[in-house]
Every structure is written in C-alpha cells, then in structure tokens.
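Peer 1: Got a structure here, written out as structure tokens. Questions coming.
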C-alpha cells in the first residue's frame with residue numbers, strides 16, 4: 001500500500017493508480033483524457049501529463065485521486081454533483097467549479 005492507502009502496482013510504465021479513483025464517472029473521464037481503453041490501467045505517469053481536465057456536467061460526485069495530477073493547471077468541474085473538493089494540486093491556476101452541491 002502506498003501513503004494514500006491505495007493498492008498500487010509498480011511496472012516499467014509507472015505505478016498503477018486505477019484503483020485510486022472511487023467515482024466510476026471520474027475514472028471514465030480519465031480514460032477519455034488519457035486516450036486509453038477502459039481495460040488498460042491508468043499509471044501515475046499518465047496523470048502527471050495532464051494539465052487540464054474538463055469534468056463539467058459529468059455527474060461526478062467524488063474527485064478522490066486528483067492528488068496524482070501534480071501538473072494540473074486548469075480544472076473544469078462546474079455543474080457536476082460534487083459535495084466536497086479534495087486537496088487541489090499545487091500547480092492549479094484556474095478552477096471552474098460552480099453549481100455543485102458543496103456543503
């Protein structure tokens with residue numbers, strides 16, 4: 001287990017972080033963003049390549065796993081179904097997250 005209590009597997013491609021994403025809609029969006037098939041694992045090296053995520057109107061309720069996107073600069077998550085935001089990446093410059101269900 002890693003420091004975030006996620007089961008991970010280290011390979012030549014990096015660490016498999018697929019299990020870190022609790023929300024299946026978030027995971028589906030990540031497959032689209034990485035261009036990978038849903039049968040493939042998502043690795044930490046895939047996540048650090050992404051600088052912008054568009055998740056608006058997605059029905060995503062949980063952004064658990066966002067911590068792996070250390071180079072994320074722009075996050076669009078408006079009109080999703082989020083109740084809380086996780087810790088955001090330090091590199092984040094723009095956040096568009098209105099019309100959610102925040103506490």
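Peer 1: With each label point set 7 Å from Cα along the Cα-Cβ vector, what nm distance links residue 71 and residue 37?
Peer 2: 2.6 nm
Peer 1: What percentages, rounded to whole numbers, describe P(r) for the chain computed over all alpha carbon pairs with 5 Å bin width beginning at zero?
Peer 2: Percent of pairs per bin, in order: 2, 13, 24, 27, 20, 10, 3, 1, 0.
Peer 1: Further question on the same structure: Can you give the angle from 0 to 90° between the axis of helix 24-34 and the longest principal axis of the chain, with both taken from C-alpha atoms, to the nearest 10?
Peer 2: 70 degrees
Peer 1: Under 19 Å from the 7 Å Cα→Cβ point of residue 93, by amide nitrogen: which residues of the range 16-56?
Peer 2: Residues 48-55 qualify, since their backbone N sits under 19 Å from the label point.
Peer 1: Something else about it: So what is the calculated 222 nm ellipticity per residue for the chain, using -39500 (n - 2.57) for each DSSP H run with n of 4 or more, over all residues, to the nearest 500 deg cm²/dmol? Kindly include the intermediate steps, with their values, before the conclusion.
Peer 2: Working: 2 runs with 15 residues, N = 103.
The per-residue figure over the chain is -4000 deg cm²/dmol.
Bear in mind these aren't lab numbers, they're just calculated from the coordinates by the rules spelled out. As the structure is a prediction and not an experimental result, all values here were calculated from the model. Positions of Cβ are generated from backbone atoms using ideal geometry, with glycine treated the same way; all protein chains shown enter the neighbour counts.
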